[in-house]
Amino acid sequence: MSTDMFGVRVRDVDPDRREVRFQVLVVYYDVEARAYLPPPEHDPGFFLGLIWESGRWEHPIGETVSVDRILDPKWLAQHARWFIEHVERTGVENDPPASWAKLKDFYYERDGGWVDEDLLVQAEFLVRVTDPAWIEHLEPGDAWGSAMYPMHADCPSAEDLPRLPDVHDPQVIRPFNGHYPNALAFSDDGRFFAVTCFEDELVVYDCADWSEHARVAIETGYFWRMMWVPGRHVVAFTNTFSGEAEQNAYDVDAREMVEVPPESGRVRSRTGRYRLEFGYVPDEDVVLVDGTERTSVRPPDDHPYVDAVAFTEDESRLYLGGTGPNLHVFDVAAKSFAGVLPTVVKEVQCMALSPDGAYLANAGLPKGNPWGEPGGELCIRRVADGRVLMRYRPGDHFSGMTWSPDGRWLAIGLAGGAVRVMRIGLPQETPEDLRPPSRR
């Protein structure tokens with residue numbers, strides 16, 4: 001391991017409750033820049049790393065988790081939940097530091113302590129593991145220096161598991177031999193999935209087995225938009241940029257081009273009652289259209305432009321994101337903003353809601369990552385309390401995202417040409433090789 005980032009002390013161990021109380025201190029600073037890495041608020045991967053460090057050789061945690069696994073952030077993100085059931089931060093001190101002049105850049109553990117502990121940024125945590133075997137080696141007073149980083153590991157509750165996408169085991173399709181998929185959407189009944197390439201070719205998949213149902217050349221231009229006609233298996237390509245609607249439409253059941261009334265707006269609500277009009281030009285207005293009524297819904301903070309929107313299934317809420325730091329919630333009936341959700345990315349490029357409105361997925365450019373992974377980041381949060389449950393980096397940038405109306409799939413398009421289709425429902429049974437040796 002490299003330079004210690006944190007100091008760790010065991011406050012208490014309760015095997016019967018499968019709980020351990022940790023004190024975590026920040027022991028590495030850049031005093032000149034007044035910068036440091038704070039302890040994570042709740043991160044199963046980080047705390048699995050701490051427990052492993054203290055018992056990595058002759059104890060069950062070390063027998064089960066190899067060095068290669070503990071050093072693999074992707075493995076930790078996916079599998080830490082089999083070891084760590086719950087993390088709760090119970091207290092914070094000196095965050096931010098009261099006096100930078102008294103701090104040093106480095107602090108090292110000596111005889112179970114650190115110099116000037118009362119000045120250091122620190123937090124207390126209650127951690128519950130899935131089996132008492134994982135903490136059998138810990139005792140109150142144990143202390144060590146750690147180079148573990150926050151991992152942003154999956155942290156769903158048992159109730160979340162059947163309702164979240166399995167981002168770690170997607171079905172990967174490549175509709176255009178590596179070319180950029182720039183629009184994707186499910187039909188209203190979730191039976192078909194449509195994807196376009198620069199909006200001049202349409203591919204439709206049958207979601208029953210993900211076989212290719214149709215491939216059609218659609219000669220359009222940059223400002224054409226793809227949308228399913230409400231309640232029908234018809235994909236419409238509409239252009240209103242010139243001020244007069246032009247449209248091509250393909251009937252998936254009949255496998256032929258058809259004529260249908262123009263589909264207005266860039267995005268619609270479930271029934272099509274509400275339409276949203278916006279473009280790619282900074283400071284251009286964002287307009288919610290309800291029949292003849294038009295309402296400006298430009299977010300009130302520093303969004304130069306809106307790039308991602310999503311209606312709830314019941315059409316009562318509208319979520320908007322873009323280059324600003326927040327997601328904004330708009331109450332459609334009240335015609336006013338009803339809340340703000342901070343993002344984990346610096347720019348929101350695409351967004352999707354689960355049909356029941358309980359989970360919000362958004363993706364975009366990350367704020368930073370100590371592991372240096374390329375591409376964008378997907379964040380999935382529980383809407384009720386705003387808690388982030390999953391963060392996923394596919395190693396590529398996002399070109400679109402959609403949640404199927406029947407709640408079975410989340411699909412993301414990637415700039416490298418792949419579409420990753422994720423089945424809803426995470427595994428609930430602990431893998432055999434990740435159980436304590438005595439339980440296998």
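The values are calculated or read from the model by the stated rules, or taken from the named source; none is laboratory data. Note that the structure is predicted; figures quoted are calculated from it, not measured. Ideal geometry is used to build each Cβ from the backbone, glycine not excepted, and the neighbour counts take in all protein chains shown. When the accessible area is computed, the model is the full protein with side chains, heavy atoms only, and any ligands, DNA or RNA have been set aside. Shrake-Rupley method; radii C 1.70, N 1.55, O 1.52, S 1.80 Å.
Table for the structure above
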item: Selected residue (only one of 240, 292 is within 29 Å of residue 317 (Cβ to Cβ), at pLDDT below 85 and among the hydroxyl-bearing types (Ser, Thr, Tyr)); result: 240
item: Hey, residue 204 part of a strand (DSSP E or B), touching a Phe, Trp or Tyr at 6+ places or on another chain (Cβ under 7 Å) and of a type outside the set (Gly, Ala, Ser) or not; result: yes
item: Counted residues, segment 100-117 - those being open to solvent by 90 Å² or more (accessible area, probe 1.4 Å) and without any contact (Cβ under 8 Å) to a residue 12 or more places away in the chain; result: 3
item: Residue in segment 8-15 that is free of Cβ contacts under 8 Å to residues at least 40 places away in the same chain and in a strand (DSSP E or B) present; result: yes
item: Residue within segment 384-391 that is outside any loop (DSSP other than H, G, I, E, B), aliphatic (A, V, I, L, M) and within 28 Å of residue 230 (Cα to Cα) present; result: no
item: Qualifying position, being assigned to a strand (DSSP E or B) and either at pLDDT below 95 or open to solvent by 50 Å² or more (accessible area, probe 1.4 Å) (or both), among 42, 86; result: 86
item: Tabulated pairs, segment 66-83, first under 15 Å from residue 426 (Cβ atoms), second polar (S, T, N, Q), C-beta under 9 angstrom, 6+ apart or interchain; result: 81/130; 82/130; 82/430
item: Residue within segment 170-186 that is within 24 Å of the chain's Cα centre (by Cα), of a type in the set (Lys, Arg) and surrounded by fewer than 19 Cβ atoms within 10 Å (Cβ to Cβ) present; result: yes
item: Test: residue in segment 156-169 that is over 24 Å from residue 258 (Cβ atoms), buried (at least 20 other Cβ atoms within 10 Å of the Cβ) and hydrophobic (A, V, I, L, M, F, W, C); result: yes
item: Test: residue in segment 365-376 that is assigned to a loop (DSSP other than H, G, I, E, B), within 26 Å of residue 187 (Cα to Cα), open to solvent by 20 Å² or more (accessible area, probe 1.4 Å) and at pLDDT below 95; result: no
item: Positions within segment 298-337 being of a type in the set (A, V, I, L, M), free of Cβ contacts under 8 Å to residues at least 40 places away in the same chain and buried (at least 17 other Cβ atoms within 10 Å of the Cβ), in sequence order; result: 306, 320, 327, 329
item: Residue that is over 15 Å from residue 29 (Cβ atoms), in contact with a Leu (Cβ under 8 Å, 6 or more places away or on another chain) and not in a strand (DSSP E or B), where the choices are 98, 80; result: 80
item: Hey, residue 67 out of contact with any strand residue (DSSP E or B) (no Cβ under 9 Å at 6 or more places or on another chain) and open to solvent by 30 Å² or more (accessible area, probe 1.4 Å) or not; result: yes
item: Candidate set: segment 339-352, residues that are open to solvent by less than 20 Å² (accessible area, probe 1.4 Å) and within 25 Å of residue 162 (Cα to Cα); chosen: the one modelled with the lowest pLDDT; result: 343
item: Whichever residue in segment 247-256 is free of Cβ contacts under 8 Å to residues at least 40 places away in the same chain and not in a loop (DSSP other than H, G, I, E, B) and, among such residues, is farthest from the chain's Cα centre (by Cα); result: 256
item: Those residues of segment 20-39 which are touching a residue at least 40 places away in the same chain (Cβ under 8 Å) and open to solvent by 20 Å² or more (accessible area, probe 1.4 Å), in sequence order; result: 21, 28, 30, 31, 34, 36, 37, 38
item: Sole exception among (1) under 23 Å from the mean Cα position of the chain (by Cα); (2) open to solvent by less than 20 Å² (accessible area, probe 1.4 Å) for residue 152, by number; result: (2)
